[in-house]
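Each remark here refers to the structure printed beneath this line.
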Amino acid sequence: MTDETTNAPVAEAPAASLMPTYGSAAVTFVKGAGTELWDDAGRRYLDFLSGLAVTSLGHAHPEVADAIAEQARTLLHVSNLFGTIPGPQVAATLDRLLGGGGQVFFANSGAEANEAAFKLARKWGGGAHGRYAVVSAYNSFHGRTLASLAATGQPAKHEPFQPLPEGFRHVEFNNLDALANAIDSTVAAVHLEAVQGEGGVNLADQDYLRGVRELCDERGVLMMIDEVQTGLARTGRWFAFQHYGIVPDVVCMAKALGNGMPIGATWAKTEVAAAFVAGDHATTYGGQPLATSAARAVLAVMEREDAPARATRAGARLSEALLALPGVSSVRGLGLLIAAELTEANGPETAAACLQAGLVVNGITPTAVRFAPPLLVSDAEIDEAVAIFAKVLAP
Ligand code: PLP
């Protein structure tokens, strides 16, 4: 590839100028539409990962694109010293989808949505003079900032960055006794995923999340659910916790809310949110109109299309087809967040081979591949993706 004006080679330069936090990219994408992507050589791919469960309405969704373009021409940013129109509208819609009775803080990412939740829990619990600790689960993922990393239950990821902020502890997922034992008088909140996405698409047991709700009520601690990956219809309900018949005190979300526009949100029951007063928490960009106008369009399309029902139906078709493949030993997940367990222990290698064959998925564990296509994926696209996957498994 050459620079359009200087005709100098540019392919090497951009990669070399980036910090080495990510592995080298196998493919450079230049264009997307719905479930399709095209690379810089013009090759077409089916995107069954959606930017890690972000582009839930597919790439370049016309209504979201129009909303962003229109807002960019109208008003990008004025700071949180002033009001803007779309933010409160999105907050009201989210509150309705969550069952009502809460308030929203806007951030710019999933990690930041969790950070706001941790600060809220500390303020609510009285901080160092009261309750401040957060209990989360092993194998969880909550982000890469220092506090969200501390909450992430993956000790190997902690090691290079010690000392991490105090007040975070971990227990075995789906083990209610372990959680009960971990909650002492310093604990302000329990922070869990209903489905551990990065941890391998591991579902919370029905009894577990219900038991967590009861335990939190008994002990007077907040139940906080990280819906950054699972939220906004991905699992077949607006939020994954809604499969469990419980209502958390705090819900964190991001990813699909902007369909690619960076945005995060922390919802809390109004009586919990009341712990925050002006000046307690803030972010320059959080809630700014460009991101919230994208989110407003995303929610409007999702509601009109009944995205949860689409995810349920398409998820059933995809799961069934995957399970029928030789080379797949089991399939787990909810809606369109699915992991296919392989008979050969080669998740990452299989995902790499899929990319070569024109299908974007990822190796979520050494033995499993994750599928998270757009919620509006068509039956024909599911069939095409499964055919590619089948060929990769049995060439
Ligand atoms: N929480 C969960 C459950 C996630 O899956 C992720 C990202 O994968 C995060 C938090 C972090 O979100 P972000 O990368 O937007 O900070």
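The values are calculated or read from the model by the stated rules, or taken from the named source; none is laboratory data. Computed from a prediction, not measured in an experiment: that's the story for all the values here. As a convention, Cβ positions derive from the backbone with ideal geometry for all residues, glycine included, and neighbour counts pool all protein chains shown. SASA here: full protein model, heavy atoms, side chains in, ligands and nucleic acids out. Shrake-Rupley method; radii C 1.70, N 1.55, O 1.52, S 1.80 Å.
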(request) Divide by every residue of the chain the summed helix terms, -39500 (n - 2.57) for each DSSP H run of at least 4, and state the resulting mean residue ellipticity at 222 nm, rounded to the nearest 500 deg cm²/dmol. (result) -11000 deg cm²/dmol
(message) On C-alpha positions alone, give me the angle between the axis of helix 307-323 and the longest principal axis of the chain, in degrees, nearest 10.
(response) 60
(request) Of the listed pairs Lys31/Lys255; Lys119/Lys255; Lys31/Lys119; Lys157/Lys255; Lys31/Lys157, which have alpha-carbon separations greater than 28 Å here? (result) Lys31/Lys119; Lys31/Lys157
(request) Translational diffusion coefficient, Stokes-Einstein: compute it for the chain using the Kirkwood radius over C-alpha pairs as Rh, at 20 °C and 1.002 mPa s, and state it as an integer in µm² s⁻¹. (result) 98
(request) Calculate the dipole size of the chain relative to its Cα centre from +1 charges on Lys and Arg beta carbons and -1 charges on Asp and Glu beta carbons; express the result in debye to the nearest 20. (result) 520
(message) If you roll a 1.4 angstrom probe over the protein chains with everything in place, what fraction of the accessible area of region 75-305 belongs to carbon and sulfur, to the nearest %?
(response) 54
(request) Rank these by accessible area, largest first, 1.4 Å probe: Ile388, Ile382. (result) Ile388, Ile382
(message) Per residue of region 239-250, what does 6.51 cos²θ - 1.76 cosθ + 1.60 with θ = phi - 60° give for ³J(HN,Hα)? Whole Hz please, x for Gly and Pro, Karplus curve as stated.
(response) 9, 4, 4, 5, 6, 10, x, 10, 10, x, 8, 9
(request) Within region 64-84, which residues have the backbone N less than 16 Å from the label spot 7 Å out from Glu303 along Cα→beta-carbon, could you tell me? (result) 64
(request) Between Arg210 and Asp177, take the C-beta separation as r, use R0 = 22 Å, and let me know the FRET efficiency to the nearest 0.05. (result) 0.90
(request) For helix 379-393, report the angle its Cα long axis makes with the longest principal axis of the Cα atoms of the chain; keep it between 0 and 90° and round to the nearest 10°. (result) 80
(request) Identify which of Ile85, Ile225, Ile263 has the largest mean-square fluctuation in a Gaussian network model of the chain, with springs joining Cα atoms closer than 10 Å. (result) Ile85
(request) Using the Karplus curve 6.51 cos²θ - 1.76 cosθ + 1.60 with θ = phi - 60°, work out ³J(HN,Hα) for each residue of region 155-160 in order, rounded to whole Hz, and write x for Gly and Pro. (result) x, 4, 6, 6, 3, x
(request) Provide Thr28, Thr284 ordered by accessible surface of protein heavy atoms (probe 1.4 Å), highest first. (result) Thr284, Thr28
(request) Apply 1/(1 + (r/R0)^6) to the Cβ-Cβ distance of Ala357 and Arg313, taking R0 = 30 Å, and write down the FRET efficiency to the nearest 0.05. (result) 0.70
(message) Accessible area per residue for the chain in Å², computed with a 1.4 Å probe and the full protein assembly in place, what is it?
(response) 44
(request) List the longest stretch of the chain that has no exposed loop site; here a site is one of the GluC sites (Glu not before Pro) assigned by DSSP to anything other than H, G, I, E or B, with at most 14 other Cβ within 10 Å. (result) 173-343
(message) In whole Hz and in residue order, list the ³J(HN,Hα) couplings for region 353-366 that follow from phi through the Karplus curve 6.51 cos²θ - 1.76 cosθ + 1.60, θ = phi - 60°; x for Gly and Pro.
(response) 5, 4, 4, 4, 8, x, 10, 8, 9, 9, x, 7, 9, x
(request) Pairs of Cα atoms under 8 Å, at least six residues apart: use those to get the relative contact order of region 75-305, whole percent. (result) 29
